[in-house]
1. Considering every residue within region 113-120, establish whether at least one is open to solvent by 80 Å² or more (accessible area, probe 1.4 Å) and within 12 Å of Leu24 (Cα to Cα).
2. Among (1) assigned to a strand (DSSP E or B); (2) without any contact (Cβ under 8 Å) to a residue 40 or more places away in the chain, which single condition is Gly39 missing?
3. Regarding region 28-40, can at least one residue be identified that is in contact with a strand residue (DSSP E or B) (Cβ under 6 Å, 6 or more places away or on another chain), under 14 Å from Leu95 (Cα atoms) and either of a type in the set (Phe, Trp, Tyr) or surrounded by 15 or more Cβ atoms within 10 Å (Cβ to Cβ) (or both)?
4. If you take the residues in region 85-95 that are assigned to a strand (DSSP E or B) and buried (at least 19 other Cβ atoms within 10 Å of the Cβ), which one is modelled with the highest pLDDT?
5. Residue by residue through region 32-48, note down the ones that are in contact with a Gly (Cβ under 6 Å, 6 or more places away or on another chain) and acidic (Asp, Glu).
6. Quick check: is even one residue across region 53-70 buried (at least 18 other Cβ atoms within 10 Å of the Cβ) and more than 16 Å from the chain's Cα centre (by Cα)?
7. Can you tell me which residues in region 96-113 are among the hydrophobic types (A, V, I, L, M, F, W, C), over 14 Å from Ile75 (Cβ atoms) and free of Cβ contacts under 8 Å to residues at least 24 places away in the same chain?
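The values are calculated or read from the model by the stated rules, or taken from the named source; none is laboratory data. What you see is a predicted model, and the numbers here were worked out from it, not measured in a lab. All Cβ positions, glycine included, derive from the backbone under ideal geometry; neighbour counts span all protein chains shown. Quick note on the areas: whole protein, heavy atoms, side chains included, nothing else; ligands and nucleic acids left out. Shrake-Rupley method; radii C 1.70, N 1.55, O 1.52, S 1.80 Å.
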Amino acid sequence: MKFFLSLPACILLFCSTAQAQLGLSYHQSNLPFAGISYGIGERFLPEFRVGTDNFFEDTSLELVVNYVFVKQESIQAYAGLGVRAQILNGPLLPLGVNIYPFERKDFGFHMELAGLFGDGEGGALLRGSWGIRYRFLND
């Protein structure tokens, strides 16, 4: 008998066992997307992303794990590795910055460059995005 654990079950198991911080984001670009992140510890920021502004059958999915290599009170710089499915299937390499300019550090802005390497036309794409991010802080 084979044991099969689906992606949603893996995410639920992962989230229930880790001390983490939930966050939501929206990235505006030529390939816009919304994301839900679950920061683990001080440095790791896995994020599940869903493409927006397209037909349901063209919706792309991304799963990335970012590492925060600069962490200051109002600024975080990160780099990561991920995978994209549906349009430009393949790996992606994001590099970005989160900025939390307000006194309460739950709402902020971000900018990201990501190399998308896939099986689509041309094979590779450099995506630039900017947007907003909200963190549910553990007070």
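1. Scanning region 113-120, I find no residue that is open to solvent by 80 Å² or more (accessible area, probe 1.4 Å) and within 12 Å of Leu24 (Cα to Cα), so the answer is no.
2. Unmet condition: (2).
3. No - not one qualifying residue is present in region 28-40.
4. Once the filter is applied, the top-ranked residue is Pro94.
5. Glu47
6. No, region 53-70 contains no residue that is buried (at least 18 other Cβ atoms within 10 Å of the Cβ) and more than 16 Å from the chain's Cα centre (by Cα).
7. Scanning region 96-113 gives a single hit, Leu113.
Residue by residue, here is whether (1) open to solvent by 70 Å² or more (accessible area, probe 1.4 Å); (2) under 21 Å from Ala34 (Cβ atoms); (3) of a type outside the set (Ser, Thr, Tyr); (4) at pLDDT below 90 holds:
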| site | (1), (2), (3), (4) |
| --- | --- |
| Val97 | no, yes, yes, no |
| Tyr100 | no, yes, no, no |
| Leu126 | yes, yes, yes, no |
| Ile132 | yes, yes, yes, no |
| Arg135 | no, yes, yes, no |
